[in-house]
Amino acid sequence: MFGRGWGCDEPCVDAFHDPDELVAPGWGPFARLVTGLRVRRIQAVGFFDFLKRSKPTPDRRPGPKPVEQVKRVKPVDVVSQRDAAVIPEPEGLDKDAGKARNDGLASNAHVAKAGSTVEARRQAIDRTSDDAVLAEVATDDPDASLRMRALKRIRSDGVLVDLATGETDIAVAKAAIKRISDLELLADIAAGAPRTIAQLALARITDEALLEHIAMDAGDAIIGKAAVKRISDQGVLTKIAESAADPLVCRAAVKRLSDEGSLADVAAHEGPIEVRRRAIRKLNDPAALARIALKDPNIEIRASALRRIDDATVLSTIASRDEDADLRMQAVGMLTEPAAFLHVATNAAYADVRVAAVRRTRDRAVLTEIAKADEDAGVRRAAVHRVRSRAHLTDIAENGRHADVRAIAVRKLRDTSHMGGIARDDEDPRVRAAAVRKLQEQPLICAIARIDSDWHVRKAAVERIEDQDELCMHAKNDEEWQVREAAIARVNDRTTLVSRAKWDSAWEVRRTATARLDDQTVLANRAKSDDEWGVRAAAVERLTDQALLANRAQWDADARVREIAIARVTNEKLLAKLAAADSDETVRTAAEQQLKRLTSPSIDADDPKEKP
């Protein structure tokens with residue numbers, strides 16, 4: 001049957017025509033396969049390889065008989081080499097396996113990647129040790145079990161990383177991650193891979209240094225926060241809270257911090273504002289909070305620290321020195337100790353803070369000193385308004401450095417026993433005037449009205465004079481019209497009133513005097529002759545003569561005087577004429593309105609039948 005033995009260089013094998021001629025027990029399937037094939041010439045090695053892969057069927061015996069036991073009943077013609085070259089392969093034989101057996105060109109790699117049957121690819125995978133080939137099979141094979149089989153044979157962590165991060169099959173990716181032995185590579189996957197893959201890698205990591213790397217660099221905040229939850233080292237958490245790329249991860253690290261020193265470091269570190277705020281909210285160290293509230297350059301951080309402080313000294317310092325007005329006022333509002341209020345009220349660099357502190361200070365002596373000496377008018381006024389004691393007010397009125405608070409103190413005092421001296425001697429006319437208005441002694445009032453150098457004081461005194469002769473004298477002789485006007489407003493002497501109405505140099509005095517006259521002749525004279533429209537208007541308002549009113553309504557040079565006169569005219573024809581022809585629109589309008597008032601029937605408000 002076979003020539004030259006099995007180890008010869010030139011293969012030789014007979015081809016069988018009839019499978020029944022192979023009668024050796026246990027060789028029936030092989031005989032039928034070979035006979036139906038009309039085999040080409042094959043290598044002896046390929047032949048034995050084929051024998052090794054054959055599986056016995058249940059009805060076969062456990063193994064093939066030795067070749068010597070095969071009985072050849074009928075010789076067969078050897079297929080010529082020329083004919084064998086064109087004999088087709090039998091159906092059912094794996095083409096890739098046949099190629100590997102017949103011509104040796106196909107390798108295990110080719111079969112593993114492109115074998116036409118699952119079994120062929122499985123056997124090739126089991127014989128393949130090339131990680132690149134196995135990775136390609138694990139990625140591309142359509143059969144899930146073969147992909148997993150190939151993956152389990154891969155030894156290179158680098159190849160497994162590529163599979164874990166680039167594979168769309170989650171089962172393959174998960175299996176790849178389970179087989180990676182380099183934990184640093186796993187950490188890189190956790191930090192940069194998509195969330196599902198990163199979570200698988202993270203689950204295998206327990207080393208806090210690697211967890212720190214993941215938390216610091218994770219592109220996904222969910223992964224970073226998950227890594228933080230597995231870290232307990234306060235130093236590592238501090239680094240993450242200060243420097244992690246994602247603020248959400250920083251916040252998660254702060255949440256796990258419990259060490260006061262670490263919290264203080266994060267609160268003082270120039271990181272995201274919200275992270276620092278969260279650290280401050282957990283921080284209980286008074287010294288650290290005070291340091292942040294006093295020195296941090298960020299206003300929001302100082303405000304967060306301020307809300308955690310209850311030390312009166314620190315609050316007073318912030319209220320006195322902080323450059324932000326809102327923080328200063330907030331600190332003042334948090335003070336509760338009287339001594340702290342006093343310190344701020346007397347030492348704060350900013351007036352608004354001193355005012356706020358003064359408004360919460362109850363010490364009258366301190367308030368008196370502030371009112372007397374503070375450089376800011378607002379602070380002084382706030383202080384003096386809180387003083388109610390007669391002794392303290394008198395002290396301020398007599399000894400205050402600034403006139404504004406002395407005047408306020410004078411106005412608040414009910415005791416007039418000190419007013420005479422203040423009215424005579426105070427250097428500021430506002431204080432003297434305020435004191436004069438409190439005086440009751442007429443001789444002193446008259447004396448001040450005559451001799452005081454400031455017209456404000458003389459006017460205040462004139463307004464308090466009761467003697468008509470004194471008033472007439474001031475109405476005629478005072479050099480300031482404001483004083484003369486104040487005096488003429490209280491004069492009852494007709495001669496003085498007429499004289500001032502006609503001859504006073506100040507139209508304001510003439511107007512005031514005219515407004516107090518009833519003499520129609522003088523009023524007519526003033527209505528026609530005075531150069532100032534205000535005086536003429538005052539005279540027209542006091543006129544009762546319709547002819548004079550009609551004259552002023554038509555001929556006064558100032559429309560304002562004509563308008564006042566029209567309001568008192570009752571001549572309907574004249575009003576109609578003015579409404580139609582006056583050059584000033586306001587005068588025409590006034591005439592129309594007066595005409596309507598005169599021509600419209602009066603309505604009795606008590607009679608509902610008369611109502612429209």
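The values are calculated or read from the model by the stated rules, or taken from the named source; none is laboratory data. The structure presented is a predicted model; accordingly, all values stated were derived computationally and were not measured. Virtual Cβ from ideal backbone geometry, glycine too; neighbours counted across all protein chains shown. Note: accessible area is taken over every heavy atom of the protein model, side chains too, but ligands, DNA and RNA are not part of it. Shrake-Rupley method; radii C 1.70, N 1.55, O 1.52, S 1.80 Å.
Within region 485-500, the residues that satisfy the criterion of being open to solvent by 50 Å² or more (accessible area, probe 1.4 Å) and not basic (K, R) are A489, N492, D493, T495. In region 442-457, the residues that are within 16 Å of V431 (Cβ to Cβ) and open to solvent by 40 Å² or more (accessible area, probe 1.4 Å) form Cβ pairs under 9 Å with partners that are part of a helix (DSSP H, G or I) and of a type in the set (D, E, K, R), at six or more places apart or across chains, as follows: H456/R430; H456/R432.
To keep it simple, each residue is scored yes or no on (1) touching a residue at least 60 places away in the same chain (Cβ under 8 Å); (2) within 23 Å of A135 (Cβ to Cβ); (3) buried (at least 18 other Cβ atoms within 10 Å of the Cβ).
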site	(1), (2), (3)
V161	no, yes, yes
L183	no, yes, no
A209	no, no, no
K229	no, no, no
S232	no, no, no
R251	no, no, yes
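Of all residues in region 288-301, those satisfying the criterion of being open to solvent by less than 60 Å² (accessible area, probe 1.4 Å) and either among the hydroxyl-bearing types (S, T, Y) or outside any loop (DSSP other than H, G, I, E, B) (or both) are A288, L289, A290, I292, A293, I301. Inspect all residues belonging to region 504-514 and state whether any of them is assigned to a helix (DSSP H, G or I), surrounded by fewer than 19 Cβ atoms within 10 Å (Cβ to Cβ) and free of Cβ contacts under 8 Å to residues at least 24 places away in the same chain. Among the residues of region 504-514, not one is assigned to a helix (DSSP H, G or I), surrounded by fewer than 19 Cβ atoms within 10 Å (Cβ to Cβ) and free of Cβ contacts under 8 Å to residues at least 24 places away in the same chain, which makes the answer no.
Here A191 meets the list (1) in a helix (DSSP H, G or I); (2) modelled with pLDDT under 80; (3) open to solvent by less than 40 Å² (accessible area, probe 1.4 Å) almost entirely, failing just condition (2).
Checked against (1) in a loop (DSSP other than H, G, I, E, B); (2) modelled with pLDDT under 90, S258 passes all but condition (2). Considering region 484-523 alone, what residues qualify as being among the small types (G, A, S) and either at pLDDT below 95 or under 22 Å from D454 (Cα atoms) (or both)? Passing the criteria: A486, A487, A489, S505, A506. Screening Q468 with (1) touching a Lys or Arg at 6+ places or on another chain (Cβ under 8 Å); (2) within 15 Å of Q442 (Cα to Cα); (3) open to solvent by 30 Å² or more (accessible area, probe 1.4 Å) gives one miss only, at (1).
The residues listed here are A245, A252, A241; of these, the one that is in a loop (DSSP other than H, G, I, E, B), more than 29 Å from A312 (Cα to Cα) and of a type outside the set (S, T, N, Q) is A245.
Go through region 195-229 residue by residue and tally those that are within 32 Å of the chain's Cα centre (by Cα) and small (G, A, S). Within region 195-229, residues that are within 32 Å of the chain's Cα centre (by Cα) and small (G, A, S) number 7.
For region 546-573, a residue qualifies if it is outside any helix (DSSP H, G or I) and either on the phi > 0 side of the Ramachandran plot or open to solvent by 70 Å² or more (accessible area, probe 1.4 Å) (or both), and the qualifying residues are A557, R568, T570, N571. Scanning region 515-535 for residues that are over 30 Å from A433 (Cα atoms) and in a helix (DSSP H, G or I) turns up Q520, T521, V522, L523, A524, N525, R526, A527, K528, S529, W533.
Consider region 370-423 and keep the residues that are part of a loop (DSSP other than H, G, I, E, B) and not charged (D, E, K, R). The one that is farthest from the chain's Cα centre (by Cα) is S417. Of everything listed in (1) farther than 30 Å from K239 by Cβ; (2) in a helix (DSSP H, G or I); (3) of a type in the set (D, E, K, R), the single unmet condition for D310 is (2). Considering the conditions (1) assigned to a helix (DSSP H, G or I); (2) surrounded by fewer than 16 Cβ atoms within 10 Å (Cβ to Cβ); (3) among the hydroxyl-bearing types (S, T, Y), S304 is excluded by exactly one of them, (2). The number of residues in region 258-283 being touching a Ser or Thr at 6+ places or on another chain (Cβ under 7 Å) and surrounded by 21 or more Cβ atoms within 10 Å (Cβ to Cβ) comes to 3.
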